[in-house]
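One structure below.
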Amino acid sequence: MSTSWTLARTFTARAEEHPDRAMLVAAGRTWSYGQVDAKSSALAAALGELGIEADDRIAIVMPNWPEWVITLLAAAKLGATIVPLNARLSYHELKYQLRHAEVSAVFAAERHGGIDYLQIFEDIIAELPDLLYLVTVGDEELWYDDRIFRFEDLLSSGEGRALPSHSEVDDDSDLALLYTSGTMGKPKGVRLSHRNIVETAVRTGEALEVEPADRVLVSVPLFTIFGFSIVVGTLAAGATVVLLDTFDAERAIDLLRRESVTVMHGVPTIYHLIMRSPGFDPGAFPHLRTGVVAGGPVHEDLVRRIRRWCDVQVAYGLTETGPTVTITRFNDSDERRLTTVGRPLPGVEIKAVDFVTGALHGPEAVGEIAVRGPNVMQGYARMPAETARSFSPEGFFLTGDLGIIDEEGYLRIVGRTKETIVRGGYQIYPREVEDLLRAHPAVDDVCVIGVPHDVMGELVCACVVPVEGAVITGDELKDFARDTMADYKLPDLVRFFDTFPTTGSGKVKRRELERTVSLEYTATIGST
């Protein structure tokens, strides 16, 4: 009998196996698998009564709340597609993505982080004819019209009603439409099927050896494929999800300790902030055994520091690949666990594309990483030309990342094709320069960017966040670099920052840094 990778069937199987096991822990409360199953079925029934059906799109705009997970499972039981959106988007960004996705219903926080979402969506719903319903999560007893419902009221109205059939949903049906973070341009809507997300999450969990007894901290935002995948993988394993609504280092440390968390995932920024927190004690988490660090450049020193208190694996992936492409394993050598992002998941193929010929070539040569397998997206929503450009003739998705694949299939990431700096005719990979500069004891974080120059084409600028309390000058850092790298890679400019601008998923906004530094550099040149 073949495996079904639909989320509803996967979750229902776990709920039937152990209905009393804890599934969700949030804000001091616990919900069992049976309780979440019942709530998501009631919500699906209520949405079905409103006319929401398979292939309709349901947006979720809220922090990592239990209602987020219940809405996801209700949509999966209906065969609808969820559209997770960043709650920090501006009014116009929200409206653009809701219109682009042709969303039928929105589940949103009433208020959070000082923002009145009820007011925002009351305005938006009037401008988007496809948006039929708004469901709000909060405690306000407010008057609503016939298109606006409170989450708890809608859930109660579905209790005892028959669940609509989802027999038409198969592995290749869309489960989610996720928008890329847009660090390198305008966000694109990525269509991911049930199999793209569920099988990838299951295979990632197998690499981490996740078991039903595990308690998994989810502090990565659920609107990202990383956070979304963590939840799916945890419930597929029958384990417990411990939700942190919005990341805060002290609160994360408290949850790790108080909830006896065994698995923790995060982008490098999350681990940096936890280890820099005054309340951090590496010996305070005796239950914590593993997790994933991914979602940005992961340098060796950071991995060494994390592994003193949590034996993390390093992974590589993108929104378009559901997300995991490769991951290190516990039985890999220490050297490979430090210097690579591991080997592909089962069923996933990776190749390096030659820059000149566009051909897929062999190991040990730098090329654009291309991926083929069950994790690769269905395509970009409403963008057939962009979708076609993103695949090789052989059907491999072209990631835009530069890497080297060794003889045994382990991948090393060098940088991004769009981030490559061309200085005086030389190609420079920012990731390589960043890794060398991080070796300086006064450097906490670094991002290397290109600044336009009339003669050289581009100059190399090192944007640096110093270690707290450290005293360092640009000239000192340049002298240090001179001893560690070829002269054409040396930073021409060094700029210091208290912190880097980041996306909601924790990635550095390189474009914003480039604009800031370029404007400053141009103003300086113009005044001399």
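The values are calculated or read from the model by the stated rules, or taken from the named source; none is laboratory data. This is a predicted model, so every value here is computed, not measured. Here the Cβ positions follow ideal geometry from the backbone for every residue, glycine too, while neighbour counts run over all protein chains shown. Each accessible area value is taken on the protein alone, full model and side chains, heavy atoms only, with ligands, DNA and RNA left out. Shrake-Rupley method; radii C 1.70, N 1.55, O 1.52, S 1.80 Å.
Any residue in the stretch 21-36 that is in contact with a helix residue (DSSP H, G or I) (Cβ under 9 Å, 6 or more places away or on another chain), open to solvent by less than 10 Å² (accessible area, probe 1.4 Å) and assigned to a helix (DSSP H, G or I)?
Looking through the stretch 21-36, at least one residue is in contact with a helix residue (DSSP H, G or I) (Cβ under 9 Å, 6 or more places away or on another chain), open to solvent by less than 10 Å² (accessible area, probe 1.4 Å) and assigned to a helix (DSSP H, G or I).
Limited to the stretch 404-434, what total is found for residues that are surrounded by fewer than 18 Cβ atoms within 10 Å (Cβ to Cβ), in contact (Cβ under 8 Å) with a residue 12 or more places away in the chain, within 22 Å of LEU477 (Cα to Cα) and not aliphatic (A, V, I, L, M)?
Summing the residues that are surrounded by fewer than 18 Cβ atoms within 10 Å (Cβ to Cβ), in contact (Cβ under 8 Å) with a residue 12 or more places away in the chain, within 22 Å of LEU477 (Cα to Cα) and not aliphatic (A, V, I, L, M) in the stretch 404-434 gives 4.
For the stretch 410-528, which strands (runs of 3 or more DSSP E) that fit wholly inside it have 2 or more residues that are among the aliphatic types (A, V, I, L, M)?
Here the list reads 411-416, 421-423, 443-453, 457-466, 493-496.
Of everything in the stretch 482-508, what is closer than 20 Å to VAL422 by Cα, at pLDDT below 90 and touching a strand residue (DSSP E or B) at 6+ places or on another chain (Cβ under 9 Å)? Give them in sequence order.
ALA486, TYR488, LYS489 - these are the residues of the stretch 482-508 that are closer than 20 Å to VAL422 by Cα, at pLDDT below 90 and touching a strand residue (DSSP E or B) at 6+ places or on another chain (Cβ under 9 Å).
Looking at the stretch 69-77, can you tell me whether even one residue there is in a helix (DSSP H, G or I), out of contact with any Asp or Glu (no Cβ under 6 Å at 6 or more places or on another chain), charged (D, E, K, R) and surrounded by fewer than 19 Cβ atoms within 10 Å (Cβ to Cβ)?
The answer is no, given that none of the residues of the stretch 69-77 is in a helix (DSSP H, G or I), out of contact with any Asp or Glu (no Cβ under 6 Å at 6 or more places or on another chain), charged (D, E, K, R) and surrounded by fewer than 19 Cβ atoms within 10 Å (Cβ to Cβ).
In this structure, does VAL366 turn out to be loosely packed, with under 13 Cβ neighbours inside 10 Å, modelled with pLDDT under 95 and of a type in the set (A, V, I, L, M, F, W, C)?
Answer is no for this residue.
Only one of (1) closer than 25 Å to PHE247 by Cα; (2) modelled with pLDDT of 95 or more; (3) open to solvent by less than 10 Å² (accessible area, probe 1.4 Å); (4) not β-branched (Val, Ile, Thr) fails for TYR117. Which number is that?
Tallying (1) closer than 25 Å to PHE247 by Cα; (2) modelled with pLDDT of 95 or more; (3) open to solvent by less than 10 Å² (accessible area, probe 1.4 Å); (4) not β-branched (Val, Ile, Thr), TYR117 fails exactly one: (2).
Would it be correct to say that ARG511 is modelled with pLDDT under 90 and out of contact with any Ser or Thr (no Cβ under 9 Å at 6 or more places or on another chain)?
Answer is no for this residue.
Given (1) under 30 Å from TYR33 (Cβ atoms); (2) open to solvent by 50 Å² or more (accessible area, probe 1.4 Å); (3) acidic (Asp, Glu), identify the lone condition not met by ASP123.
For ASP123, the failing item is (1).
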